[in-house]
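Read through the structure below, which is laid out as structure tokens, and then see the notes.
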Amino acid sequence: MTTFSDLTPGTWDVDASHSELGFVARHLMVTKVRGQFKDFRATVTVGEQLEDSSVEATVQLASVETGSPDRDGHLRSADFFDTDNNPEMTFRSTKVTPDTLEGDLTIKGVTQHVVFDLSFNGVAKDPWGGTRAGFEASAEINRKDFGLTWNAAIEGGGVLVSDKVKINLDIQLVAAQVPATV
């Protein structure tokens, strides 16, 4: 079994074609709606010690997809992400441990500290001589903390969209720049 110590220090990029940045919110308080962002990039800098590592990510909010073009358009509107004025969501880590990824998440100009539960899935060589690594991470945020306050009351109580949103990351990294060994 591989561990974080098997990661070669250096710069790693997210392979977006083999990664997913998804989210889940409750709809009408009885079902879950899942979505994802298709356009994102991130760089992971692996330090000699895990605590010296960092993550920087940028997500294009207009790339949101939930399987419903009408809902996707509403999410892009001023009611939610307001992508015309706030095209990106960003994340900058502040702490990395074997079990958590902590950092500052910014949506619509509002920055909140978020703690992701982190799982390392291992390192593998690809058939082309490259090195890949896999991670999963999840966190729950309150969308209202980021100014995403639109909602509608439903008959009998409750609201159309939950305040709590779960963020799920399934990430494959590819070694971009690995320092030469001395």
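Across region 141-173, the number of residues qualifying as surrounded by 14 or more Cβ atoms within 10 Å (Cβ to Cβ) and assigned to a strand (DSSP E or B) comes to 14.
Only residues that are within 19 Å of VAL59 (Cα to Cα) and over 17 Å from the mean Cα position of the chain (by Cα) were counted in region 110-143, giving 0.
I'm trying to understand the selection: among the residues of region 94-104, which are touching a residue at least 40 places away in the same chain (Cβ under 8 Å) and within 12 Å of the chain's Cα centre (by Cα)? Walk me through it before giving the result.
Looking only at region 94-104, we keep the residues that are touching a residue at least 40 places away in the same chain (Cβ under 8 Å), and these are 95-98, 101, 103.
Listed by number, the residues that qualify are LEU101, GLY103.
Report yes if ASP104 is assigned to a strand (DSSP E or B), at negative phi and either buried (at least 16 other Cβ atoms within 10 Å of the Cβ) or out of contact with any helix residue (DSSP H, G or I) (no Cβ under 9 Å at 6 or more places or on another chain) (or both), otherwise no. So ASP104 fits the description; yes. Going residue by residue through region 118-138, is there one that turns out to be of a type in the set (A, V, I, L, M, F, W, C), out of contact with any helix residue (DSSP H, G or I) (no Cβ under 6 Å at 6 or more places or on another chain), touching a residue at least 24 places away in the same chain (Cβ under 8 Å) and in a loop (DSSP other than H, G, I, E, B)? No: zero hits. THR83 passes all but one of (1) assigned to a strand (DSSP E or B); (2) surrounded by 15 or more Cβ atoms within 10 Å (Cβ to Cβ); (3) hydroxyl-bearing (Ser, Thr, Tyr); which number fails? Only one criterion in (1) assigned to a strand (DSSP E or B); (2) surrounded by 15 or more Cβ atoms within 10 Å (Cβ to Cβ); (3) hydroxyl-bearing (Ser, Thr, Tyr) is unmet by THR83, namely (1). For region 68-77, the count of residues that are at pLDDT 95 or above, surrounded by 17 or more Cβ atoms within 10 Å (Cβ to Cβ), within 12 Å of LYS108 (Cα to Cα) and aliphatic (A, V, I, L, M) is zero. For region 38-80, a tally of residues being assigned to a loop (DSSP other than H, G, I, E, B) and among the hydrophobic types (A, V, I, L, M, F, W, C) returns 2.
Please determine, by comparing only the residues of region 10-37 that are among the aliphatic types (A, V, I, L, M) and assigned to a strand (DSSP E or B), which one is farthest from ASP84 (Cα to Cα). Among residues in region 10-37 that are among the aliphatic types (A, V, I, L, M) and assigned to a strand (DSSP E or B), the one farthest from ASP84 (Cα to Cα) is VAL14. Of the conditions (1) without any contact (Cβ under 8 Å) to a residue 40 or more places away in the chain; (2) under 19 Å from LEU169 (Cα atoms); (3) of a type in the set (Ser, Thr, Tyr); (4) touching a Lys or Arg at 6+ places or on another chain (Cβ under 9 Å), THR83 fails just one. Which one is it? Looking at each condition in turn, THR83 falls short on (2).
The values are calculated or read from the model by the stated rules, or taken from the named source; none is laboratory data. Predicted, not measured: the structure shown is a model, and the values here were computed from it. A quick note on method: Cβ atoms are made from the backbone with ideal geometry, for glycine too, and the neighbour counts reach across all protein chains shown.
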